[in-house]
Amino acid sequence: MKTLAKICIIALVFSACKTDKKPMVENQNQDFEAYTQYFIDELWKHNPEWATYVGYHNYDSILTIPNDEYLQKSLAFAKSHLDSLASYDVSQLNPSNQIDYELIKSTLESNNWSTNTLKSHEWNPTSYNVSGLIAFMLNEQYAPLETRLRDISKRMQNIPKYYDAAAKNIKNPVKELTNLAIQQNEGGLYVFKTTLMDSVNQSKLSDSEKSLLMSQTDAALSSVETFVSHLKSILPESSRSFRLGKDLYEASFKYSIQSSYTAEELYNLAMDRKTYLHQKMTETSAQLWSKYYGNTPQPKDSLELISKVISKVSETHVKPEEFQSAIEAQIPELEAFVKEKNLLYIDPSKPLVVRKEPAYMAGVAGASISAPGPYDKDGNTYYNVGSLEGWPADKAESYLREYNHYMLQILNIHEAIPGHYTQLVYANKSPSLIKSILANGAMIEGWAVYTEQMMLENGYGNNEPEMWLMWYKWNLRTVCNTILDYSVHVKNMSKEEAIHLLVKEAFQEQAEADGKWNRVNVSSVQLTSYFAGFVEIVALREKLKEKQGDAFDLKAFHEQFLSYGNAPVKDISRLMLEEK
Ligand code: ZN
Ligand code: ZN
């Protein structure tokens, strides 16, 4: 009796509150949306360089000096906005605003953690380099050349102070990162000496403006050179390990991946997934053996068996001169398949423009998506396709074996349809600027990886064993990226063990494995984003299937999932599972 009465009272109070707060709810959402606008304005004021990169050009003339005063201002910025957030009752916000709330909060907390605990501004000299920013302003034609040069000139006033502050910040840096910073800053001298000078000469600036830029360029060159020699002089005694260690790694993972798993849990899932994939690859390879090797006896070692079959299947590939046209021809086929199987709606009013890779991207063959920025939503989405023209024959052959007949289709699914490009079209429909600016990378990459599996599950590639084998190999790469990153940064994995993992267990070429080792020496956590997003999306789908039973509809699942925009999968899952 007592309990029942209690429940009644609670129910009464609850419903009373609900009706009382109804007008409040609308106000809360409106207030919150107005607040996010204010937050974005403040964010750009505090981070003018970031603003330039996303296409917001009001603060293009300001170069931030990374001194102690700026760090203190960053902390104050985070504190004041965390206080503002605390005045909202998140449960009263609508789903889209709830996600924005979480994204802002996580960004601010990450900023505090990074300033107070990670302190990478002290040990990562690659944080300091202005040439990329100047090159961006010279290459992107968002305003007349003269306007951009005048902004560059104002920014360049601060370059000597910028590098002075940078040199003061650095204490016992990581050797690998110091070497990279030397290389990048030396490489960036070209931007001042050539790109900038050419632009100044071509421009209609007055003679006095031109000569000011010339003298600023001289000052910039000497600042960069002084910074580089400072780095070289402290290199011998720098001893900090490039390995992040367990605590910093877990925290960094928490802020950047925003997963419902810890880094350690994800690592364990990746280890299980590797075992599963090896098992499937062994079965598929055994099935294909006689097709490619006739009566030759099968190797007893399963990794050797897989490797040999992969090697034969990789021989089916296009000629170098057909690479671009083969990619172009596949786009309409993928679109037709998605329609035929009713997998999700593709908006025909936002077509993907396939183009030859622009010159400034050249060198990285393959394919990539160029998306319009948050301030240019009506801009075209380009599919940049690299050309193998002028490549040495052996390099082209090795590349084409990697992107063979099967892999090329998986690449197109990932980058274009229904992967990155399709996700982007949906994301642009979700009107919140916060989700474009503070986009969750694990959701974006996870979606692209998820669609590869989803297309094959629905019969893309006619269930050919070769297609599945190649997809397993491709998926194994994202799995091993996670294993490698965690093992190197947390479990002290040696270079020898890393190369063994990539070459023997993930069937990669030596050159690719060497490159990956170098990458994991100068980066952390980002390599796990593909697998993190993938496992969470698959887990969400399975939970919804269980919950909805026969009512589960794959197309509806995809469309609803994408409708939340670039949000962490953890938040999308919560919202989708809460629904009745
Ligand atoms: Zn060949
Ligand atoms: Zn991707």
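No value in this document is a laboratory result; all are computed from the given coordinates. Not measured: the values here are computed from a predicted model. Cβ coordinates were reconstructed from backbone atoms using ideal geometry, including for glycine residues, and neighbour counts include every protein chain displayed.
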>> On the principal axes of its Cα set, how long, how wide and how thick is segment 328-457? Give whole Å, largest value first.
In response: 47, 36, 27
> What does segment 334-404 give for Rg and for Dmax, in Å, if only its C-alpha atoms count?
Replying inline: 15.8, 43
> Among rounded, prolate and oblate, which fits segment 264-326 when a ≥ b ≥ c are the square roots of the eigenvalues of its C-alpha gyration tensor, a/c under 1.5 means rounded, and a/b larger than b/c means prolate?
Replying inline: oblate
>> Cα atoms only: what Rg and Dmax, in Å, come out for segment 426-580?
In response: 17.7, 52
> Between rounded, prolate and oblate, where does segment 226-294 land on the alpha carbon gyration tensor, with a ≥ b ≥ c its root eigenvalues, rounded for a/c under 1.5, else prolate if a/b exceeds b/c?
Replying inline: oblate
> Looking at segment 103-154, what % of the alpha carbon pairs are farther apart than 14 Å?
Replying inline: 67 percent
>> Longer than 22 Å from Cα to Cα, which of 73/168; 435/543; 105/543; 491/516; 274/495 are they? Say none if no pair is.
In response: 435/543; 105/543
> So what is Rg over Rh here for segment 209-264, counting just Cα atoms and using Kirkwood for Rh?
Replying inline: 1.33
> In the chain, what percentage of the DSSP-assigned beta bridges are antiparallel, given to the nearest 5?
Replying inline: 40 percent
> Mind ordering 174-180, 294-300, 344-350 by average Cβ neighbours within 10 Å, highest first?
Replying inline: 174-180, 344-350, 294-300
> Expressed as a rounded percentage, what relative contact order does the chain have, with Cα pairs under 8 Å and six or more residues apart?
Replying inline: 16 percent
>> Let me see the P(r) profile for segment 167-247: every Cα-Cα distance counted, bins of 10 Å, each bin given as a percent of all pairs.
In response: 16, 37, 23, 16, 7, 1
> Along each of its three principal axes, how wide is the spread of alpha-carbon positions in segment 224-339, in whole angstrom units, largest first?
Replying inline: 62, 38, 38
> For segment 375-447, max minus min Cα coordinate along each principal axis, in Å, sorted largest first?
Replying inline: 48, 23, 18
> So what's segment 119-225 giving for Rg/Rh, alpha carbon basis, Kirkwood Rh from the mean inverse pair distance?
Replying inline: 1.01
>> Using a Cα-Cα cut-off of under 18 Å, which lysines could be cross-linked to residue 308, ignoring same-chain neighbours fewer than 8 residues away?
In response: 280, 291, 300, 473, 504
>> Could you tell me the calculated FRET efficiency between residue 141 and residue 551, based on Cβ-Cβ distance and R0 = 35 angstrom, to the nearest 0.05?
In response: 0.10
> Dipole magnitude of the chain about its Cα centre, charges +1 at Lys/Arg Cβ and -1 at Asp/Glu Cβ only, in debye to the nearest 20?
Replying inline: 1000 debye
> Under a no-solvent Debye model with one identical scatterer per Cα of the chain, what's log10 I(q)/I(0) at q = 0.10 Å⁻¹?
Replying inline: -1.03
> By the gyration tensor of its Cα atoms, with a ≥ b ≥ c the square roots of the eigenvalues, what is the shape of segment 420-475: rounded for a/c under 1.5, prolate for a/b over b/c, or oblate?
Replying inline: prolate
> Of the peptides 278-285, 369-376, 532-539, 83-90, how do they stack up when ordered by the mean number of other Cβ atoms within 10 Å, highest first?
Replying inline: 532-539, 278-285, 369-376, 83-90
> Expressed as a whole number of Å, what is the distance separating the alpha-carbon centroids of segment 441-481 and segment 134-162?
Replying inline: 42 Å
